[in-house]
Amino acid sequence: MGTILGTMALIRRYRVPGMPHLRAHVADLGLACCAVEFVAAVSRGLLVPEPTEDASAAVGPEADQQTVDVLIVSGTLTHALEPALLRVWEGLTQPRAALAFGACTISGGPYWDSYAVAPGIDHAIPVTRYVPGCPPRPEALIEALAGLAESSVTAGKAS
Amino acid sequence: MRNVEPDESDQHLQPDEQVVAQAHETAQAHETAQAHETAQAHGTIILDTPACTSCMLCVRECPVWCIELSSHTEQIDEPGSRRPRSVAVLDTFTIDWGLCMFCGICVEVCPFDALAWSPALQPSASAKSDLVAGIDALSIDR
Ligand code: SF4
Ligand code: SF4
Ligand code: SF4
């Protein structure tokens, strides 16, 4: 299972309308209830799936340098999945930023006391923005991406 | 939302006035329901500090233990009363939005209606500690 999750196959890429320099990577890791809000965000057009072919070619290397790769993690991260998440994070090009979407990814959420659940994804990777909620509303995702876009513009780049 | 006006391709149709009126009514009812839903949205929870008696019920009923409070007791000696009354005075009250399930049990359980839902979106933060809201943040009328 670890090897399957270690590949980038479970990453889906999205563009954010109105925020051209963000490219959202959605990791289907530890998939749990929060993922339902992604479906809601996508069905409302808040996120647009990126065409798989020629995406980087169309954007070009220069534009790509300004693009911030945002890893959005939702759902419950178990200790067993931590290495897989780390591998996905390390596979992203810089500048990159991780967004913790939902109580589980921030603190373990309802499972904060569980022996098997990580007390937040920042246990495994550095997190730039935390989105509260169980699950957060789709609007919260856009609010967080906007906050991230702003900070990445002011900071010049993300970590 | 559904477009109830006939578009150009429909213009050869003679719209039945009753049907159109009904459609308008349905659309309006839908809009009202949506506005109602937005106003009722469980965005975040606010605290009416003077109403809180520091009874600890919300703290103990919260399934994830994300509410913390501290208080002290004061003696109130009112003229004419036989002996002083003891009242609890709230000092600190925090909700950790990074843990909260937004389940509303605290709102339901509060006997003094000191906690209430607000439709405002609880914003994201760049540090976990910024998600811990104290009396000032919770008292904002949103
Ligand atoms: S934060 Fe809540 S809704 Fe999201 S995955 Fe955890 S338990 Fe499910
Ligand atoms: S909404 Fe639920 S989880 Fe959040 S503070 Fe209230 S009781 Fe606790
Ligand atoms: S249940 Fe209500 S009155 Fe009691 S401590 Fe909580 S907020 Fe205050």
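Tabulated data
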{"quantity": "Residues within the stretch A:116-131 that are within 14 Å of the chain's Cα centre (by Cα) and either more than 10 Å from A:Leu77 (Cα to Cα) or part of a strand (DSSP E or B) (or both), tallied", "calculated": "8"}
{"quantity": "Scan of the stretch A:25-36 for residues that are modelled with pLDDT under 80 and either more than 16 Å from ligand 1 (Cβ to nearest atom) or within 14 Å of chain B (Cβ to nearest Cβ) (or both), ordered by number", "calculated": "A:His25, A:Ala32"}
{"quantity": "Members of the stretch B:58-116 that are within 16 Å of ligand 1 (Cβ to nearest atom), open to solvent by less than 70 Å² (accessible area, probe 1.4 Å) and either without any contact (Cβ under 8 Å) to a residue 12 or more places away in the chain or of a type in the set (A, V, I, L, M, F, W, C) (or both)", "calculated": "B:Cys62, B:Val64, B:Cys66, B:Ile95, B:Trp97, B:Leu99, B:Cys100, B:Met101, B:Phe102, B:Cys103, B:Ile105"}
{"quantity": "Residue in the stretch B:70-87 that is within 16 Å of ligand 2 (Cβ to nearest atom), in the same structural domain as B:Ala120 (by TED's automatic domain parsing) and either at pLDDT 90 or above or within 24 Å of B:Ala127 (Cβ to Cβ) (or both) present", "calculated": "no"}
{"quantity": "Residues being facing chain B (nearest Cβ under 9 Å) and aromatic (Phe, Trp, Tyr) - total across the stretch A:112-131", "calculated": "2"}
{"quantity": "Complete set of residues in the stretch B:130-141 that are more than 10 Å from chain A (Cβ to nearest Cβ), outside any strand (DSSP E or B) and either open to solvent by 30 Å² or more (accessible area, probe 1.4 Å) or without any contact (Cβ under 8 Å) to a residue 60 or more places away in the chain (or both)", "calculated": "B:Gly134, B:Ile135, B:Asp136, B:Ala137, B:Ser139, B:Ile140, B:Asp141"}
{"quantity": "Of all residues making up the stretch A:132-150, the number that are within 9 Å of chain B (Cβ to nearest Cβ), assigned to a helix (DSSP H, G or I) and surrounded by fewer than 24 Cβ atoms within 10 Å (Cβ to Cβ)", "calculated": "4"}
{"quantity": "A:Val70 vs. criteria of a type in the set (Val, Ile, Thr), in a strand (DSSP E or B), at pLDDT below 90 and more than 16 Å from ligand 1 (Cβ to nearest atom)", "calculated": "yes"}
{"quantity": "Test: residue in the stretch B:46-53 that is of a type in the set (Val, Ile, Thr), out of contact with any Leu (no Cβ under 9 Å at 6 or more places or on another chain), open to solvent by less than 70 Å² (accessible area, probe 1.4 Å) and more than 14 Å from chain A (Cβ to nearest Cβ)", "calculated": "no"}
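The values are calculated or read from the model by the stated rules, or taken from the named source; none is laboratory data. All figures in this text were calculated on a predicted structure; none of them were measured in a lab. Cβ coordinates were reconstructed from backbone atoms using ideal geometry, including for glycine residues, and neighbour counts include every protein chain displayed. In case anyone asks, the SASA skips ligands and DNA or RNA and just uses the protein heavy atoms, side chains included. Shrake-Rupley method; radii C 1.70, N 1.55, O 1.52, S 1.80 Å.
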